[in-house]
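Shown next, in structure tokens, is the structure this report addresses.
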Amino acid sequence: MNAPLTVAVTGLNATDNPGPGVGVIRSLRHCRDLNVRVVGLAYDALEPGVYADGLVSDVFMIPYPSQGVVPLRDRLAYIRERTGFDVIIPTLDAELPGFVELAPELAAQGVGTLLPTVEQLDLRCKAKLAALGDRGLPVPASRVLTDVAQLYTIHEVIPYPLVVKGPYYGARVVHTLEEAVAAFYKMVAEWGYPVIVQQFVAGQELCVLAVGDGDGGLVGAVQMRKTVITDKGKGWAGVAIRDPGLSQLTATFMKATKWRGPCELEVIRDAAGGYHVLEVNPRFPAWCFLSAGAGMNLPYAVAELAAGRPLTPLHDYRVGTMFVRIALDQISDMDAFSRMSTSGEVVRSQGVSR
Amino acid sequence: MQRLRDLAISDSGFVFDPFSGATYTVNGTAQVLLDGLKRGLDRDGLVALLRERFECSTEDLPRDIDDLVQSLRMFGLVPGGFEVRG
Amino acid sequence: MSRPLYDRPILARHQTGLMNKFSRVASMQPQTHIDGVPVQTLTEAYGSPLFVFSEKTMVARYRELRDAFARRFSKVRVTWSYKTNYLDAICKVFHREGAWAEVVSEFEWEKARHNGVPGERIHLNGPLKTEATLRRVLPEGTLIHVDNFDELALLERLADELHLTPKVAVRVNMSVGSLTAWSRFGFNLESGQAMTAANRILAGKRLELVGLHCHLGTFILDPDSYREQAAKLAGLANELRRAHGAILSFIDIGGGFASHSKLKAQYLPGEQATPGFDRYAAACAEGMAALDYPAGQEPTIVLESGRALVDDAGTLISTVIANKRMPDGQRGLVIDAGVNVLFTSFWYDHDVVPAQPFGGISEPTVMYGPLCMNIDVVRDTIQFPPMRTGEQVVFRNVGAYNVTQWMQFITYRPAVVIIGADGRHGIIRKREQLETLLASEEVPSWL
Ligand SMILES: Cc1ncc(COP(=O)(O)O)c(C=O)c1O
């Protein structure tokens, strides 16, 4: 057993559109080689992960990313004082810019992270996905629109059907100009400008959880096909697969971007066997516990690498391993909630004295 | 005033209303005032209570008391027409 | 044993999504001084509300901008965009640093001349160029950025009449990445209109084509937009060289760089979202690399930054008039500066902090101005500590557009003050008085 490691993890919002934190923590706890203590970092007193049995030893509230890095820096300094965490694994899109900015400072204080650079974060943002095409990745033709009039001629460059997307979330498949215009206004109303129009590609939706070493190499990757999809488009069940074309694609992505840390590639495989990268999420996906369950524990790998510890080579994963998500109700008394809402922390462990 | 008396208030200032399930945070001053209101103190009594428990300078205490009572009315913790006596 | 200090009673209901107390307030610091001068000293001397400008910040921002571009281009010209803030003292600071003037009206042009800027160091932009204006400015050699074909015809006629060859630039609009194109200004690039305009100027020979200009918009957070803009302008310049052998003396990339303010729709605060000048300059240089010009004849890169130079240097001090409890449970804070003086609060969530040390629990607070109008909200819900009447708040990064777009409504416009690099301070615009306003009024004899 390795020396003990204290890992701070965000994204405890395991709702019907779940944050990845609970999956990351369960993976860490799943690993028998890892003597881990987990500190949860939450944004709201009611994040479900706070109340799950045996999940987090201690939980601390942290300021919203919209508040900027200064409050985050102050709060992390306090939490570090209290818990002595060695590693932070942020798991939410909106908080990444802040953590990426703080990473060098944290490193100087002995706190490890495994995060992409600002440029890498920028490269995979929705409105700029086409830039990945310039680097040899198959991305569907897309245009970034700021004016509905641009839709009138869009078929000249991208034939119908199209996918109309918001800048952060939301996507709708449209077959006619009328539908496209309606979808355009809906996206603008919900998410603001710009609107992204992408070529629609039919096929199988596949996902890859990959961890890059920052030098263009791959630490490990697990492929998955969603078998149950919720009305929000989230995978509710899935199965580990292995598709050599997808492995090739993942390797190309790593080489092209020199990605550092975890990411999720969302890919369509069309009937002709072609691949299309729809999106790259710069963090663990919520389904990452599948990697632990299938034998290639990538959250564990990220924690070890972030801590600067040598990584024992990962085992290959077992194709055919499934995950099936269940919704269950945790029982809690008022105490933990009361402490979260008055002091912003619940300390269950003895803490460490430093 | 039953709603007010039923409130569960912890030392840390966490308030639970068993009637509605709503929860609140109060500061020390409000905690003392809630206590005084439960005991049925009038405005002068509440002012005296605050002066006894806190280092007060030039604050307009009756006005602050009315402000809290307005919040209580708004959250339905006292009846709509409730006013502090005096 | 000493008793705890009294604190206003607060009962805050828990609401999902609004229960995070480790927000900015946790690290909110009062701003008691501006460039070393106590806020209280300033309001005692000049009243409240009060705009305060920091000469130090203006100079620092100017040099940072100039240096970022000078590191990448052999010839750089910064012009001061008058509309952003045309108080003489503000303009003088930038002119002293070497800035030319960018103006969009005869009034602004006269102001620049009044500030000692020679006519040939003024770029005249915008759609408001009347014949009278052009007759006034052309003999002084002012650079005209042509906006439309009617203006072009007018310029050619005046050139003949006045026996001059005016130096002109073609203002170009274009679609760039995800920005909404400011297509109502200048000639469109994609449709070939800009090329037509340039061809006509070059063929007509009555005007001298010296530059290309494009202003993309304002508060542009993505430096990439300037890469694309520069590449397109360079492409147009290349075409003109190929077709006519024309070598331009400048390419003007306009203004639009972001300050450290925060747009309402913006998620991350300015200190994280706003790119440094270096990133804008790098993007522009990458795009401009497409320019195919003979060595030594590179055009001057012209900048027309307004907001990015002066916004961070301006602070508004305002005084609390009253506290209110709103029906939705929020606290209302009535202050003496409304949207009449802080016009930009319609688009920006301004960074506001108390001007004196504070304590107590912060509450969701709305800040209202003093106008008798429902729209007078200077700050939507913000977690803010308790304030007493008579205490002050300071709004930061509000130096751009407010002292030009403000309006005189129900009360006087406040004084504007500058703090010098050495800590001296002085008035640069007096608070209005009854006489100020009466001076421009008249009552006809029959009334
Ligand atoms: C032609 C032109 N140049 C420069 C500016 C200054 O823009 P900013 O303050 O965003 O730098 C403007 C502003 O509207 C403008 O219209």
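In segment C:213-229, the residues that are more than 13 Å from chain A (Cβ to nearest Cβ) and touching a residue at least 60 places away in the same chain (Cβ under 8 Å) reach residues that are surrounded by 20 or more Cβ atoms within 10 Å (Cβ to Cβ) and of a type in the set (Lys, Arg) with C-beta atoms within less than 6 angstrom, at least six apart or across chains, in these pairs: C:213/C:171.
Of everything in segment B:23-70, what is open to solvent by 10 Å² or more (accessible area, probe 1.4 Å), part of a helix (DSSP H, G or I) and among the small types (Gly, Ala, Ser)? Give them in sequence order. Across segment B:23-70, the qualifying residues are B:28, B:45, B:48.
Exactly one residue among A:37, A:75 is open to solvent by 10 Å² or more (accessible area, probe 1.4 Å) and within 14 Å of another protein chain (Cβ to nearest Cβ), and that residue is A:75.
Just one of the numbered conditions (1) open to solvent by 10 Å² or more (accessible area, probe 1.4 Å); (2) away from chain A (no Cβ under 14 Å); (3) farther than 22 Å from residue C:300 by Cβ is not true of residue C:180: (2). Taking the numbered list (1) within 16 Å of the ligand (Cβ to nearest atom); (2) at pLDDT below 95 in turn, residue C:331 passes all entries but (1).
For segment C:349-369, the candidate set comprises residues that are open to solvent by 40 Å² or more (accessible area, probe 1.4 Å) and under 18 Å from residue C:327 (Cα atoms); within that set, the residue that is nearest to the other protein chains (Cβ to nearest Cβ) is C:364. One residue is enough: does segment A:192-215 have a residue meeting the conditions closer than 25 Å to residue A:290 by Cα and in a helix (DSSP H, G or I)? No, there is no match, as no residue in segment A:192-215 is closer than 25 Å to residue A:290 by Cα and in a helix (DSSP H, G or I).
Which one is farthest from the chain's Cα centre (by Cα), of the residues in segment A:248-274 that are surrounded by 20 or more Cβ atoms within 10 Å (Cβ to Cβ) and in a strand (DSSP E or B)?
The selected residue is A:267.
Looking at segment A:123-139, I want the residues that are among the acidic types (Asp, Glu) and have a partner that is open to solvent by 40 Å² or more (accessible area, probe 1.4 Å) with Cβ atoms under 9 Å, at least 6 apart or on another chain. Which pairs are those? From residues that are among the acidic types (Asp, Glu), there are no pairs. For residue A:85, the test of being out of contact with any Pro (no Cβ under 7 Å at 6 or more places or on another chain) and open to solvent by less than 40 Å² (accessible area, probe 1.4 Å) is passed. What is the residue count in segment A:292-337 for residues that are modelled with pLDDT under 95, of a type in the set (Ser, Thr, Tyr) and closer than 18 Å to residue A:218 by Cα? Matching residues across segment A:292-337 total 1. Exactly one residue out of A:312, A:321 is crowded, with 18+ Cβ neighbours inside 10 Å, more than 14 Å from chain B (Cβ to nearest Cβ) and either over 30 Å from residue C:13 (Cα atoms) or more than 18 Å from the chain's Cα centre (by Cα) (or both): that is A:321.
Considering only segment A:223-247, how many residues are in a strand (DSSP E or B), among the aliphatic types (A, V, I, L, M) and closer than 16 Å to residue A:277 by Cα? Count: 1. Of the helices (runs of 4 or more DSSP H) that lie entirely inside segment A:279-354, those containing 3 or more residues that are in contact (Cβ under 8 Å) with a residue 40 or more places away in the chain and not assigned by TED's automatic domain parsing to the domain that holds residue A:223 span A:334-342.
Open to solvent by less than 50 Å² (accessible area, probe 1.4 Å), at the interface with chain C (Cβ under 9 Å from one of its Cβ atoms) and among the aromatic types (Phe, Trp, Tyr), is that true of residue A:60? For residue A:60, the condition - open to solvent by less than 50 Å² (accessible area, probe 1.4 Å), at the interface with chain C (Cβ under 9 Å from one of its Cβ atoms) and among the aromatic types (Phe, Trp, Tyr) - is met.
Scanning segment C:241-286 for residues being open to solvent by 10 Å² or more (accessible area, probe 1.4 Å), more than 14 Å from the ligand (Cβ to nearest atom) and either on the phi < 0 side of the Ramachandran plot or at pLDDT below 90 (or both) gives a total of 22.
The values are calculated or read from the model by the stated rules, or taken from the named source; none is laboratory data. What you see is a predicted model, and the numbers here were worked out from it, not measured in a lab. Positions of Cβ are generated from backbone atoms using ideal geometry, with glycine treated the same way; all protein chains shown enter the neighbour counts. With ligands, DNA and RNA removed, areas are computed over all heavy atoms of the protein, side chains included. Shrake-Rupley method; radii C 1.70, N 1.55, O 1.52, S 1.80 Å.
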